[in-house]
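All remarks here apply to the structure that follows.
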Amino acid sequence: MQLSCVMQLHYFSGCAILCLLMFHDKCLAYKIPNVDFEMLNERGFEVSIPDEPGMQRVFYLFQIDESCPALMDYITEPLSGNWVSKQKFSLQNNDKIQISVLVQYNDEIYEKSETRVILNARLLTTRDTKSQSISHPPDEGICQAYFNGEQETKPCKQAQTIARQGQRVCQGDLLFEDTFNTAELNRTTWKHDIRQRMYHVEEELVAFDDAQKNSYVREGQLHIVPTIATEVTEGSFKLGDRCTAIDSPEQECSISQGSFYTIKPPVYSAQLHTRNSFSFKYGKIIVRAKLPKGDWLFPYIMLQPISTHAESHYAKQLRIAYARGNAHLRSIQQEDISGNHLYGGMIVWHHGRAVQFLKERLSNVHYGDDFHNYTMIWNRDKITLMVDDEVYGELYDGLPFFNEKCFIIFGVTVGGFLNFDDNILPRDVKPYKNREPRAALAFWQHRDTWEPTWGKHSAMVIDHVRVYAE
């Protein structure tokens with residue numbers, strides 16, 4: 001695209017924006033009018049500035065949530081008294097859009113920027129810079145506008161993905177990868193959730209910790225291993241300053257000795273997350289993993305909104321894939337809900353109750369018998385679920401609940417009222433009832449029924465995880 005003034009698009013804060021070559025020191029004689037902004041519902045948005053005598057050309061640059069590449073429009077003629085740009089990009093709640101305007105006025109160039117935030121379908125102006133006069137060297141004439149000072153060597157189709165601040169994103173770009181080929185887990189990328197989960201009568205029968213025996217890297221794979229406690233009644237359970245609990249630290253970080261209704265955790269395991277290092281909104285995540293195998297084990301391969309913590313109680317979840325660890329388990333209706341049954345989708349909490357948007361796939365073998373590629377493609381209007389490149393479900397409902405960046409969570413837990421609902425299981429199948437005050441003790445006392453099903457396959461093993469822009 002050729003412009004009648006000298007300008008280039010360079011990376012600024014890691015992203016392409018207008019680089020203003022030279023500034024006049026003389027007093028400003030012209031002020032660019034305020035930008036009029038109108039949302040066009042699902043059809044995109046429209047911006048305009050009123051025409052004034054002396055205006056010759058207008059260049060717009062739009063950057064949404066600091067993602068790249070930016071949207072651009074070059075206007076050479078006003079329309080009905082306004083310099084109008086219509087964009088088909090559909091804005092969402094909490095999106096932030098920066099609008100940069102370049103105006104050629106009486107053969108001189110002026111620039112200004114405005115920032116708008118979409119909040120509950122309303123527009124808020126958060127920043128409006130003053131107009132600046134810029135010029136070009138006298139010997140320069142027509143030049144081309146392009147990214148990064150060079151012509152693109154390959155086409156870049158703008159991605160809807162929002163990732164790191166200022167990062168330019170093209171569809172198909174690899175945004176995150178861990179192949180676990182280092183000697184130890186990268187603790188800069190992955191943080192541990194450290195707390196016990198039995199403080200609520202409907203919670204899980206496990207304590208998450210960062211012990212080496214529960215999570216480690218070996219031969220290019222991440223292992224998350226649940227281990228059974230040797231005793232549960234002697235002494236007290238105290239995590240001290242290591243505890244990462246958010247909701248109820250007084251309950252999640254310790255268990256008092258001699259409490260009638262509670263015991264120390266019968267199982268220890270690990271849960272890791274990228275909340276502090278990587279998150280994204282919209283994209284394709286692929287996790288190659290072997291799920292855990294053993295009665296009442298449950299894997300977490302999921303995304304969670306950045307506004308929550310990994311320790312948040314009843315947090316919304318995008319579950320990339322899960323299958324119960326049991327080799328043989330049927331519901332009251334005789335549906336196979338064992339580890340042969342794969343699920344993926346969304347969990348949304350509404351007034352303390354779970355609303356589930358799930359898709360499923362039944363296999364002839366347990367998903368803990370071998371590695372599989374579990375994929376979730378998260379778009380603005382759809383979530384696609386895949387296993388080994390086969391699509392087994394698409395979701396359209398529930399997406400408005402996930403309108404922010406999410407981070408990755410890997411973990412293995414035990415039990416849980418949502419994971420193993422008493423209402424769908426025949427009586428006396430489970431060695432405990434979810435809402436019994438001493439559920440953890442009942443589970444422990446019946447360990448002879450479930451402990452033999454655990455073994456070397458009770459770990460979840462992750463070969464790699466990759467996230468691509470969509």
Checklist entry - Can you name the residue in the stretch 297-315 that is at negative phi and surrounded by fewer than 22 Cβ atoms within 10 Å (Cβ to Cβ) and, of all such residues, is farthest from the chain's Cα centre (by Cα)? => result His313
Checklist entry - Hey, does the stretch 453-463 have a residue that's under 30 Å from Asn276 (Cβ atoms), buried (at least 18 other Cβ atoms within 10 Å of the Cβ) and of a type in the set (Phe, Trp, Tyr)? => result no
Item to check | Evaluation of Arg380 against (1) assigned to a loop (DSSP other than H, G, I, E, B); (2) more than 21 Å from the chain's Cα centre (by Cα); (3) of a type in the set (Lys, Arg) (one fails), failing number | outcome: (2)
Next on the checklist: Test of understanding: among Gly398, Gly416, Gly393, which residue is at pLDDT 95 or above and small (Gly, Ala, Ser)?
Outcome noted: Gly393
Checklist outcome for this item: When the stretch 198-252 is checked residue by residue, the ones that are outside any loop (DSSP other than H, G, I, E, B) and among the β-branched types (Val, Ile, Thr) are Val217, Ile224, Thr227, Ile228
Checklist entry - Conditions: (1) in contact with a strand residue (DSSP E or B) (Cβ under 6 Å, 6 or more places away or on another chain); (2) within 29 Å of Phe278 (Cα to Cα); (3) aliphatic (A, V, I, L, M); (4) modelled with pLDDT of 90 or more. Val103 meets all but one. Number of the miss? => result (2)
Item to check | Qualifying positions in the stretch 175-209 - surrounded by fewer than 19 Cβ atoms within 10 Å (Cβ to Cβ) and under 23 Å from the mean Cα position of the chain (by Cα) | outcome: Glu177, Thr179, Asn186, Arg187, Thr188, Thr189, Lys191
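The values are calculated or read from the model by the stated rules, or taken from the named source; none is laboratory data. Treat the numbers as computed from the prediction; the structure is a model and nothing was measured. Cβ atoms come from the backbone with ideal geometry, glycine included; neighbour counts cover every protein chain shown.
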